[in-house]
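Chemist: A single structure is presented below for examination.
The values are calculated or read from the model by the stated rules, or taken from the named source; none is laboratory data. The shown structure was predicted, so the numbers you read here are calculated from the model rather than taken from an experiment. Here the Cβ positions follow ideal geometry from the backbone for every residue, glycine too, while neighbour counts run over all protein chains shown.
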Amino acid sequence: MDNATPKLISVDEYNSSVRIWSTSTRRKMARNAPVASGKLLRSLTHKLKKIYGETSKITYSFERHGVFVHYGVGRGYIRVGNDVIPGRNLTGREKDSLLKRGDSKKDINKLKISYNNGEVKRTPNDWFDVEIRLGIGRLAEIAQSYYGDKAMQKILSRIDKITISKKL
């Protein structure tokens, strides 16, 4: 009988592929980062977490203000729905007066004050989510090939118990 067992992906090959994907995605995020944000660019890092030698988690981290840049908010601009408008959150004193009036804390935390007379000078800059959305398919293919091969290895290791063999 011909042994046509396909070459299966090893743990090292899987970890290497995931590392390459995460590094290239980090590089793409860095290209999308705002030019004026040198500190943000320097702070952009990624880490891989392994469980039993297999990469199981990818974490990207960066300066907190990167999220504000992403949403286009801060310094007098707020986000209402998907729009960025001039405005502010409620102050502590305003929240306290609404609490005394009987409004729920959950509803009060959602309230914002907008300035209708202001011109919007900011736009959101989707500099990191877009790269994850675009590359997640490739990461899924890497995981699918490795874990599919892992399942196939398990089946192949038990093939003798599944098949009936004649004894002569």
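Chemist: Quick one: would you say Leu48 is farther than 19 Å from Val130 by Cβ and part of a loop (DSSP other than H, G, I, E, B)?
Modeler: Against the criterion (farther than 19 Å from Val130 by Cβ and part of a loop (DSSP other than H, G, I, E, B)), Leu48 does not qualify.
Chemist: Go over the candidates Val18, Val67, Val35 one by one and state the one that is within 30 Å of Leu111 (Cβ to Cβ), β-branched (Val, Ile, Thr) and not in a strand (DSSP E or B).
Modeler: Criteria check complete, one pass: Val67.
Chemist: I'm trying to understand the selection: among the residues of region 106-120, which are of a type outside the set (S, T, N, Q) and within 30 Å of the chain's Cα centre (by Cα)?
Modeler: Passing the criteria: Lys106, Asp107, Ile108, Lys110, Leu111, Lys112, Val120.
Chemist: Any residue in region 110-131 that is without any contact (Cβ under 8 Å) to a residue 60 or more places away in the chain, in a helix (DSSP H, G or I) and not assigned by TED's automatic domain parsing to the domain that holds Thr45?
Modeler: Yes, there is a match, as at least one residue in region 110-131 is without any contact (Cβ under 8 Å) to a residue 60 or more places away in the chain, in a helix (DSSP H, G or I) and not assigned by TED's automatic domain parsing to the domain that holds Thr45.
Chemist: Let me ask something additional. Test Val73 against the stated conditions and say whether it is surrounded by 12 or more Cβ atoms within 10 Å (Cβ to Cβ), in a strand (DSSP E or B) and of a type in the set (A, V, I, L, M).
Modeler: Judged against the criteria, Val73 is not a match.
Chemist: Name the pairs whose Cβ atoms lie under 6 Å apart, with the first residue in region 81-98 and closer than 16 Å to Ser114 by Cα, the second outside any strand (DSSP E or B) and of a type in the set (Gly, Ala, Ser), and 6 or more positions between them or separate chains?
Modeler: Qualifying pairs under 6 Å: Val84/Gly72; Pro86/Gly76; Pro86/Gly118.
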